[in-house]
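Below is one structure, written out as C-alpha coordinates, with a few remarks after it.
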(Lines give C-alpha, C1' and ligand atoms only; values in the text may rest on other atoms or scores of the structure.)
Protein backbone atom coordinates (compact mmCIF):
# COMPACT_ATOMS: atom_id res chain seq x y z
CA UNK A 1 0.00 0.00 0.00
CA UNK A 2 1.07 3.52 -0.81
CA UNK A 3 0.09 5.78 2.10
CA UNK A 4 0.51 9.50 2.75
CA UNK A 5 0.61 11.06 6.23
CA UNK A 6 0.14 14.82 6.33
CA UNK A 7 2.31 15.45 9.35
CA UNK A 8 3.51 12.12 10.69
CA UNK A 9 5.93 13.03 13.48
CA UNK A 10 3.50 13.99 16.26
CA UNK A 11 2.69 12.15 19.48
CA UNK A 12 0.11 9.86 17.87
CA UNK A 13 1.30 9.86 14.29
CA UNK A 14 4.90 8.94 15.13
CA UNK A 15 3.78 5.54 16.48
CA UNK A 16 1.47 5.08 13.50
CA UNK A 17 4.40 5.87 11.21
CA UNK A 18 6.47 3.13 12.84
CA UNK A 19 3.60 0.65 12.73
CA UNK A 20 2.94 1.40 9.04
CA UNK A 21 6.59 0.76 8.20
CA UNK A 22 6.57 -2.49 10.19
CA UNK A 23 3.59 -3.74 8.21
CA UNK A 24 5.37 -3.05 4.93
CA UNK A 25 3.51 0.03 3.76
CA UNK A 26 5.13 2.41 1.28
CA UNK A 27 4.85 5.46 3.51
CA UNK A 28 5.15 9.12 2.55
CA UNK A 29 5.15 12.19 4.80
CA UNK A 30 4.04 15.59 3.59
CA UNK A 31 5.33 18.29 5.95
CA UNK A 32 7.49 21.38 6.20
CA UNK A 33 10.34 19.63 7.99
CA UNK A 34 10.05 21.70 11.17
CA UNK A 35 9.26 18.96 13.70
CA UNK A 36 11.73 18.20 16.50
CA UNK A 37 11.00 14.49 16.07
CA UNK A 38 13.13 12.78 13.42
CA UNK A 39 11.55 11.07 10.44
CA UNK A 40 12.34 7.32 10.52
CA UNK A 41 14.34 5.66 7.78
CA UNK A 42 12.06 4.16 5.16
CA UNK A 43 9.72 7.16 4.90
CA UNK A 44 9.68 9.21 1.70
CA UNK A 45 9.39 12.88 2.64
CA UNK A 46 7.56 15.35 0.42
CA UNK A 47 8.41 18.89 1.45
CA UNK A 48 5.45 21.21 1.32
CA UNK A 49 2.84 23.12 3.28
CA UNK A 50 -0.60 21.49 3.21
CA UNK A 51 -2.19 24.87 4.02
CA UNK A 52 -0.59 26.48 0.96
CA UNK A 53 -2.41 25.17 -2.11
CA UNK A 54 0.45 25.78 -4.55
CA UNK A 55 3.06 24.35 -2.18
CA UNK A 56 1.02 21.20 -1.51
CA UNK A 57 0.23 20.64 -5.19
CA UNK A 58 3.89 20.99 -6.13
CA UNK A 59 4.98 18.54 -3.43
CA UNK A 60 2.36 15.95 -4.40
CA UNK A 61 3.03 16.10 -8.12
CA UNK A 62 1.19 13.26 -9.85
CA UNK A 63 1.20 10.88 -6.86
CA UNK A 64 -1.88 8.75 -6.20
CA UNK A 65 -2.29 7.08 -2.80
CA UNK A 66 -4.20 4.12 -1.45
CA UNK A 67 -4.78 6.13 1.74
CA UNK A 68 -4.16 9.70 2.90
CA UNK A 69 -4.24 10.74 6.56
CA UNK A 70 -4.46 14.38 7.61
CA UNK A 71 -3.15 14.54 11.18
CA UNK A 72 -3.28 18.33 11.39
CA UNK A 73 -6.74 19.38 10.15
CA UNK A 74 -8.79 21.28 12.73
CA UNK A 75 -11.29 23.47 10.86
CA UNK A 76 -13.88 22.90 8.11
CA UNK A 77 -11.97 25.31 5.87
CA UNK A 78 -8.94 23.02 6.06
CA UNK A 79 -11.13 20.01 5.28
CA UNK A 80 -12.61 21.84 2.30
CA UNK A 81 -9.09 22.26 0.93
CA UNK A 82 -8.32 18.58 1.58
CA UNK A 83 -11.42 17.46 -0.31
CA UNK A 84 -10.46 19.61 -3.29
CA UNK A 85 -6.84 18.45 -3.22
CA UNK A 86 -7.37 14.72 -2.74
CA UNK A 87 -10.55 14.00 -4.71
CA UNK A 88 -9.46 11.50 -7.34
CA UNK A 89 -5.98 11.27 -5.78
CA UNK A 90 -6.69 8.72 -3.02
CA UNK A 91 -8.84 5.66 -2.39
CA UNK A 92 -9.28 6.60 1.28
CA UNK A 93 -9.03 9.86 3.20
CA UNK A 94 -8.69 9.61 6.98
CA UNK A 95 -9.58 12.54 9.21
CA UNK A 96 -8.31 12.65 12.80
CA UNK A 97 -11.19 13.95 14.87
CA UNK A 98 -11.54 13.72 18.67
CA UNK A 99 -13.61 11.76 21.19
CA UNK A 100 -14.48 15.14 22.72
CA UNK A 101 -17.03 15.56 19.90
CA UNK A 102 -19.42 13.15 21.63
CA UNK A 103 -22.35 14.61 23.55
CA UNK A 104 -20.94 16.57 26.49
CA UNK A 105 -21.87 15.90 29.22
CA UNK A 106 -22.56 12.32 28.15
CA UNK A 107 -26.15 11.16 27.85
CA UNK A 108 -25.37 7.47 28.20
CA UNK A 109 -22.36 5.27 28.89
CA UNK A 110 -20.53 3.55 27.37
CA UNK A 111 -19.94 5.80 24.39
CA UNK A 112 -20.45 4.20 20.97
CA UNK A 113 -19.68 5.66 17.55
CA UNK A 114 -23.37 6.52 16.99
CA UNK A 115 -23.52 8.64 20.16
CA UNK A 116 -24.72 12.14 19.14
CA UNK A 117 -22.05 14.77 18.55
CA UNK A 118 -22.56 17.87 20.70
CA UNK A 119 -20.15 19.96 22.76
CA UNK A 120 -21.32 23.43 23.82
CA UNK A 121 -18.24 24.05 25.98
CA UNK A 122 -15.21 23.72 23.72
CA UNK A 123 -14.65 25.42 20.35
CA UNK A 124 -11.99 22.86 19.43
CA UNK A 125 -14.64 20.11 19.59
CA UNK A 126 -17.23 22.11 17.68
CA UNK A 127 -14.71 22.68 14.89
CA UNK A 128 -13.99 18.94 14.76
CA UNK A 129 -17.74 18.25 14.55
CA UNK A 130 -18.03 20.70 11.65
CA UNK A 131 -15.16 18.90 9.90
CA UNK A 132 -16.90 15.56 10.32
CA UNK A 133 -20.17 16.96 8.98
CA UNK A 134 -18.44 18.33 5.88
CA UNK A 135 -16.72 15.00 5.20
CA UNK A 136 -19.95 13.07 5.71
CA UNK A 137 -21.69 15.31 3.18
CA UNK A 138 -18.81 14.83 0.72
CA UNK A 139 -19.15 11.07 1.08
CA UNK A 140 -22.93 11.03 0.71
CA UNK A 141 -23.10 13.49 -2.18
CA UNK A 142 -19.99 12.58 -4.14
CA UNK A 143 -18.58 9.34 -2.76
CA UNK A 144 -15.49 10.99 -1.26
CA UNK A 145 -13.88 7.95 0.44
CA UNK A 146 -13.53 9.29 3.96
CA UNK A 147 -12.90 7.55 7.28
CA UNK A 148 -13.19 9.37 10.62
CA UNK A 149 -11.04 8.39 13.62
CA UNK A 150 -11.70 9.76 17.11
CA UNK A 151 -8.79 9.41 19.57
CA UNK A 152 -9.24 10.10 23.28
CA UNK A 153 -6.21 11.23 25.29
CA UNK A 154 -3.58 9.26 23.43
CA UNK A 155 -0.10 9.74 24.90
CA UNK A 156 3.55 8.86 24.58
CA UNK A 157 6.42 9.28 27.02
CA UNK A 158 6.65 13.03 26.39
CA UNK A 159 3.06 13.92 27.33
CA UNK A 160 2.11 14.77 30.91
CA UNK A 161 -1.47 13.51 31.36
CA UNK A 162 -2.48 16.41 33.62
CA UNK A 163 -1.14 19.00 31.17
CA UNK A 164 1.08 21.99 32.01
CA UNK A 165 4.32 20.22 31.06
CA UNK A 166 6.33 19.21 34.17
CA UNK A 167 4.55 21.68 36.44
CA UNK A 168 2.19 19.30 38.29
CA UNK A 169 4.95 16.80 39.05
CA UNK A 170 7.24 19.57 40.23
CA UNK A 171 4.55 20.74 42.64
CA UNK A 172 4.13 17.18 43.93
CA UNK A 173 7.85 16.78 44.48
CA UNK A 174 8.02 20.11 46.30
CA UNK A 175 5.17 19.09 48.61
CA UNK A 176 2.90 21.81 47.21
CA UNK A 177 -0.83 21.36 46.75
CA UNK A 178 -1.96 20.02 43.38
CA UNK A 179 -5.39 20.68 41.85
CA UNK A 180 -7.60 17.76 40.84
CA UNK A 181 -10.79 18.84 39.09
CA UNK A 182 -14.10 17.92 40.69
CA UNK A 183 -13.95 15.26 43.38
CA UNK A 184 -11.48 13.18 41.38
CA UNK A 185 -13.92 10.30 40.83
CA UNK A 186 -14.90 10.97 37.20
CA UNK A 187 -13.77 8.16 34.91
CA UNK A 188 -11.14 8.48 32.20
CA UNK A 189 -9.03 6.40 29.86
CA UNK A 190 -5.54 6.84 28.44
CA UNK A 191 -4.34 5.08 25.31
CA UNK A 192 -0.64 4.54 24.66
CA UNK A 193 0.25 5.65 21.15
CA UNK A 194 1.71 2.22 20.31
CA UNK A 195 -1.60 0.54 21.18
CA UNK A 196 -3.50 3.16 19.19
CA UNK A 197 -1.28 2.56 16.17
CA UNK A 198 -2.32 -1.09 15.90
CA UNK A 199 -5.97 -0.18 15.52
CA UNK A 200 -5.32 2.82 13.33
CA UNK A 201 -3.02 1.22 10.77
CA UNK A 202 -5.48 -1.66 10.54
CA UNK A 203 -8.06 0.79 9.17
CA UNK A 204 -5.83 1.92 6.29
CA UNK A 205 -6.90 0.28 3.08
CA UNK A 206 -9.70 -1.48 4.96
CA UNK A 207 -12.84 -1.35 2.82
CA UNK A 208 -15.01 -1.78 5.94
CA UNK A 209 -13.78 1.61 7.16
CA UNK A 210 -14.90 3.70 4.17
CA UNK A 211 -17.69 6.13 5.00
CA UNK A 212 -17.55 5.21 8.68
CA UNK A 213 -16.23 6.49 12.01
CA UNK A 214 -14.26 4.80 14.79
CA UNK A 215 -12.90 5.67 18.18
CA UNK A 216 -9.70 3.91 19.20
CA UNK A 217 -9.29 3.81 22.96
CA UNK A 218 -7.97 1.66 25.77
CA UNK A 219 -10.33 -0.57 27.76
CA UNK A 220 -8.69 0.44 31.05
CA UNK A 221 -10.85 2.80 33.11
CA UNK A 222 -9.36 5.01 35.84
CA UNK A 223 -10.56 7.79 38.11
CA UNK A 224 -8.63 11.04 38.06
CA UNK A 225 -7.63 10.38 41.67
CA UNK A 226 -6.04 7.11 40.53
CA UNK A 227 -4.33 8.90 37.63
CA UNK A 228 -2.73 11.50 39.90
CA UNK A 229 -1.66 8.83 42.38
CA UNK A 230 -0.13 6.67 39.65
CA UNK A 231 1.83 9.66 38.35
CA UNK A 232 2.89 10.57 41.89
CA UNK A 233 4.07 7.02 42.55
CA UNK A 234 6.08 6.99 39.33
CA UNK A 235 7.62 10.30 40.42
CA UNK A 236 8.56 8.89 43.83
CA UNK A 237 5.97 10.91 45.77
CA UNK A 238 4.18 8.76 48.35
CA UNK A 239 1.54 11.23 49.57
CA UNK A 240 0.80 14.02 47.08
CA UNK A 241 -1.20 16.95 48.47
CA UNK A 242 -4.30 16.73 46.26
CA UNK A 243 -6.90 19.50 46.43
CA UNK A 244 -10.29 18.87 44.81
CA UNK A 245 -11.78 21.97 43.18
CA UNK A 246 -14.93 22.17 40.99
CA UNK A 247 -14.20 22.56 37.28
CA UNK A 248 -16.49 25.60 37.11
CA UNK A 249 -14.41 27.30 39.80
CA UNK A 250 -11.21 26.56 37.88
CA UNK A 251 -12.77 27.90 34.69
CA UNK A 252 -13.63 31.19 36.39
CA UNK A 253 -9.92 31.82 36.97
CA UNK A 254 -8.42 30.12 33.92
CA UNK A 255 -10.87 29.95 30.96
CA UNK A 256 -8.49 27.96 28.74
CA UNK A 257 -8.01 25.27 31.37
CA UNK A 258 -11.73 25.40 32.12
CA UNK A 259 -12.71 24.87 28.47
CA UNK A 260 -10.70 21.65 28.37
CA UNK A 261 -12.25 20.47 31.63
CA UNK A 262 -15.89 21.38 31.03
CA UNK A 263 -15.65 20.36 27.37
CA UNK A 264 -13.89 17.07 28.02
CA UNK A 265 -12.09 15.88 31.15
CA UNK A 266 -14.62 16.82 33.85
CA UNK A 267 -17.04 14.16 32.65
CA UNK A 268 -16.81 10.39 32.96
CA UNK A 269 -16.03 8.86 29.58
CA UNK A 270 -16.24 5.11 29.03
CA UNK A 271 -15.95 3.77 25.49
CA UNK A 272 -17.29 0.66 23.83
CA UNK A 273 -14.49 -0.59 21.53
CA UNK A 274 -16.50 -3.35 19.89
CA UNK A 275 -16.51 -1.66 16.49
CA UNK A 276 -12.75 -1.14 16.12
CA UNK A 277 -12.06 -4.64 17.43
CA UNK A 278 -14.49 -6.13 14.95
CA UNK A 279 -13.00 -4.16 12.06
CA UNK A 280 -9.35 -4.60 13.13
CA UNK A 281 -9.20 -7.92 15.03
CA UNK A 282 -5.55 -7.48 16.02
CA UNK A 283 -6.39 -4.36 18.06
CA UNK A 284 -6.05 -5.32 21.72
CA UNK A 285 -4.51 -2.64 24.00
CA UNK A 286 -1.78 -4.13 26.18
CA UNK A 287 -0.08 -1.16 27.89
CA UNK A 288 -1.67 -0.21 31.24
CA UNK A 289 -1.34 3.34 32.48
CA UNK A 290 0.84 2.39 35.46
CA UNK A 291 3.46 1.29 32.92
CA UNK A 292 2.89 4.42 30.84
CA UNK A 293 3.34 6.60 33.94
CA UNK A 294 6.74 5.07 34.60
CA UNK A 295 7.71 5.59 30.97
CA UNK A 296 6.68 9.25 31.18
CA UNK A 297 8.66 9.88 34.36
CA UNK A 298 11.72 8.12 32.95
CA UNK A 299 11.65 10.56 30.05
CA UNK A 300 11.34 13.63 32.26
CA UNK A 301 14.00 12.47 34.70
CA UNK A 302 16.57 11.43 32.12
CA UNK A 303 17.30 15.03 31.12
CA UNK A 304 16.74 18.19 33.23
CA UNK A 305 15.98 20.03 29.99
CA UNK A 306 12.72 18.10 29.81
CA UNK A 307 11.60 19.48 33.18
CA UNK A 308 10.01 22.66 31.86
CA UNK A 309 7.81 24.47 34.36
CA UNK A 310 4.95 26.69 33.24
CA UNK A 311 5.52 29.55 35.66
CA UNK A 312 2.32 31.34 34.71
CA UNK A 313 0.23 28.22 35.26
CA UNK A 314 2.07 27.47 38.50
CA UNK A 315 1.17 30.91 39.86
CA UNK A 316 -2.41 30.54 38.66
CA UNK A 317 -2.74 27.25 40.55
CA UNK A 318 -1.60 28.94 43.75
CA UNK A 319 -4.16 31.69 43.15
CA UNK A 320 -7.00 29.23 42.50
CA UNK A 321 -6.17 27.13 45.56
CA UNK A 322 -5.97 30.19 47.80
CA UNK A 323 -9.30 31.55 46.51
CA UNK A 324 -11.06 28.22 46.85
CA UNK A 325 -9.83 27.57 50.37
CA UNK A 326 -10.73 31.11 51.40
CA UNK A 327 -14.28 30.47 50.21
CA UNK A 328 -14.68 27.31 52.28
CA UNK A 329 -16.72 27.65 55.49
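Counting only residues that are in a loop (DSSP other than H, G, I, E, B) and crowded, with 16+ Cβ neighbours inside 10 Å, the stretch 119-140 holds 3 of them.
Does residue 273 satisfy the criteria of being at pLDDT 95 or above and under 18 Å from the mean Cα position of the chain (by Cα)?
On the way: at pLDDT 95 or above: yes; under 18 Å from the mean Cα position of the chain (by Cα): yes.
So residue 273 passes the test.
Out of the stretch 217-252, which residues are farther than 21 Å from residue 301 by Cα and free of Cβ contacts under 8 Å to residues at least 12 places away in the same chain? Those that are farther than 21 Å from residue 301 by Cα and free of Cβ contacts under 8 Å to residues at least 12 places away in the same chain: 226, 251, 252. Taking the stretch 141-164 as the range and being under 13 Å from the mean Cα position of the chain (by Cα), part of a strand (DSSP E or B) and under 17 Å from residue 201 (Cβ atoms) as the test, the residues that pass are 149, 150, 151, 154.
Select from the stretch 30-48 the residues that are in contact with a helix residue (DSSP H, G or I) (Cβ under 7 Å, 6 or more places away or on another chain) and loosely packed, with under 15 Cβ neighbours inside 10 Å and write down the one among them that is nearest to residue 145 (Cα to Cα).
Pass one, the stretch 30-48, residues in contact with a helix residue (DSSP H, G or I) (Cβ under 7 Å, 6 or more places away or on another chain): 30, 37, 40, 42-43, 46-48.
Restricting the remaining residues to those that are loosely packed, with under 15 Cβ neighbours inside 10 Å gives 37, 42, 47.
Numbers: 37: 30, 42: 27, 47: 25 Å.
Once the filter is applied, the top-ranked residue is 47.
Restricting attention to the stretch 15-34, the residues that are free of Cβ contacts under 8 Å to residues at least 60 places away in the same chain and more than 21 Å from residue 157 (Cβ to Cβ) add up to 10.
Working only within the stretch 263-306, note down all residues that are assigned to a helix (DSSP H, G or I) and within 30 Å of residue 211 (Cα to Cα). Scanning the stretch 263-306 gives 263, 264, 265, 274, 275, 276, 277, 278, 279.
A single entry from 51, 37 fulfils the requirement of being over 30 Å from residue 285 (Cα atoms) and either touching a residue at least 24 places away in the same chain (Cβ under 8 Å) or in a loop (DSSP other than H, G, I, E, B) (or both): 51. Taking residue 264 as meeting all but one of (1) closer than 23 Å to residue 109 by Cβ; (2) out of contact with any helix residue (DSSP H, G or I) (no Cβ under 7 Å at 6 or more places or on another chain), write down the number of the exception. Here residue 264 clears every test but (2). In the set (1) crowded, with 20+ Cβ neighbours inside 10 Å; (2) at pLDDT 95 or above; (3) under 24 Å from residue 283 (Cα atoms); (4) within 21 Å of the chain's Cα centre (by Cα), residue 27 fails one condition alone, (4).
The values are calculated or read from the model by the stated rules, or taken from the named source; none is laboratory data. Please read these numbers as outputs of a predicted model, since none were measured by experiment. Cβ: placed from backbone, ideal geometry, glycine included. Neighbour counts: every protein chain shown.
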